[in-house]
Amino acid sequence: MLLFLTLFLMMFTNIGQKLQLMFMTANLRSKLIILERMRNDSLARSEKVLSIAGSKNPKRTVRRLTEFFVIEPVNIEPTDIIRRLSHILETRRHNIRRILLEDLGEKSKHELNNIEVILEVSAALNYLYKLVRHYLLLGEKTSNLVLIMQLSYLMPHILRIAEAYHKSLDAFEKGIPIGDSLGPLVAFKLAPTAPRHEVVEETVYSIIEVDGRLVYVVKAEGPGATVGKPGEAIEKLIEKEKGNISRIITVDAALKMEGEETGSIAEGVGAAIGDPGPEKIRIERIATKYNIPVDAIVVKMGAEEAIQAMNKKIAEAADKAAEYVKEIIKTRVPKGGKVIVAGIGNTVGII
Amino acid sequence: MTPLQIIQIAVIVAIILLLALSIMLAEKKSSKKKEKKTITFVRCDKGDYESKRDFKPGDFVGKVEGKCPRCGDILRVYSIYVEEVEI
């Protein structure tokens, strides 16, 4: 009788759903506490970094910069969208830099770059925490089982991303190259001793020779944490050479699919660069203008590996990728020709 | 005891033993703890000398470390990476 009653209540009333909602909400609350701990730790570490750097009010600066937002340009009218996006991103960069300079006074650009990235990581964790809390509270308020269920199924993935961000703080605090630094590491391996010349802000190039071919090696200016402006740099170098460039080779880290091996190298065509758009389009436009072929070499890695301290597999892949690039230069660029090799990515810990 | 009961008891005992074995193996596996270590790889520009050491704050790829003990050329940091070491 009791069994029948229980089954009846479960099947013909919404008690079952309510129970499910209750269990899932309790589970999400426990996960939210983990997220909150990571967020709080990253904020405390950011404040500590700012204090060490001489901040007058670290709490206020961390709050200002972790709550900083960017409004994307109107995209239903695409005319000029890249210029508008580029302008907004540039304004963001200048404003963040100004806030830091106001608080810290004069600092080296490498130190400022590292602090900026640490604050960006904290901002990402802060946003993830607030987003999960928002949907959890909304789901509870409206008793929306579908919303809570979706959040519950997404939670393991969200926690993995949050954990990766949290662990990346170590690398940025100590100035250790991350997985995404693969491109700049390949550039370094190609031109370890050649002098660096600034071509545009925070972006440098070196000149080397590979078997009778002149190679411009472009990378962000290290060892601070920055990605530089490789698109603008490539455009400037090509215009300086009046289009007399035989090939552009871009080297970058790429996200692997589950099952693919970390450190495996793949080759393709197009600009291998994961920026929001302005840098990539510059490479595409200038290459099209002068009819220059664009090659892409990528080294595969997981999303977590890309933002954490570089592991041995990726470091070893950088040597192989550098050899791969040399091979392409020898086989596809005529003797006496000029080629641009761009190591794309964050150059933290790499000069 | 009927033969069916004996088989049932044997199956239950076998399952218990398998469970105990798998728990023991899992414990043995987890006892091999791994630690992440950051390594700085140093190499001579000519390539005739290389060595590894623990990462020190202030290290970066491209940092000049001094002179090569073999040829006297420049000794440079060539890569910094994290390695898993069993403890």
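Every read-out reported here was derived from the displayed coordinates using simple, explicitly stated rules and does not represent laboratory data. These numbers come from a predicted model, not from an experiment. Glycine also receives a Cβ, built like all others from the backbone with ideal geometry; neighbour counts cover every protein chain displayed.
A few remarks follow.
- Inter-chain neighbour count for B:43-55: the average number of beta-carbon atoms from partner chains within 10 Å of each residue's beta-carbon is 1.
- In chain A, helices alone account for a calculated mean residue ellipticity at 222 nm of -19500 deg cm²/dmol, with every DSSP H run of four or more residues adding -39,500 (n - 2.57).
- Taken residue by residue and averaged, Cβ atoms of other chains lying within 10 Å of the Cβ of B:72-84 number 6.
- With R₀ fixed at 22 Å, the C-beta to C-beta distance from A:ARG83 to A:TYR290 puts the FRET efficiency at about 0.55.
- Cα→Cβ-extended label distance, 7 Å offset, between A:GLU323 and B:ILE12, nm: 6.2
- For B:VAL61, residues with placed amide H under 5 Å, excluding near neighbours: A:ILE350, A:ILE351
- For the peptide B:57-68, the mean number of other protein chain Cβ atoms found within 10 angstrom of a residue's Cβ is 5.
- Computed FRET value (nearest 0.05) for A:LYS330 with A:THR193, which takes r as the C-beta separation and R₀ as 22 Å: 0.60
- Cα-centred dipole magnitude for region A:68-131, charges only on beta-carbon of K, R (+1) and D, E (-1), debye, nearest 20: 20
- Inter-label distance for A:SER108 and A:MET11, nm, one decimal - labels placed 7 Å from Cα along Cα-to-Cβ: 7.4
- Shown is the FRET efficiency for B:VAL64 and A:GLU36, computed with R0 = 56 Å from the Cβ-Cβ distance and rounded to the nearest 0.05: 0.80.
- Region A:328-345 and region A:144-207 have Cα centres lying 26 Å from one another.
- Rounded to 10°, Cα long-axis angle of helix A:2-12 versus longest principal axis of chain A: 50
- The label point for A:VAL74 and the one for A:ARG92, both projected 7 Å from the Cα toward the Cβ, are 2.0 nm apart.
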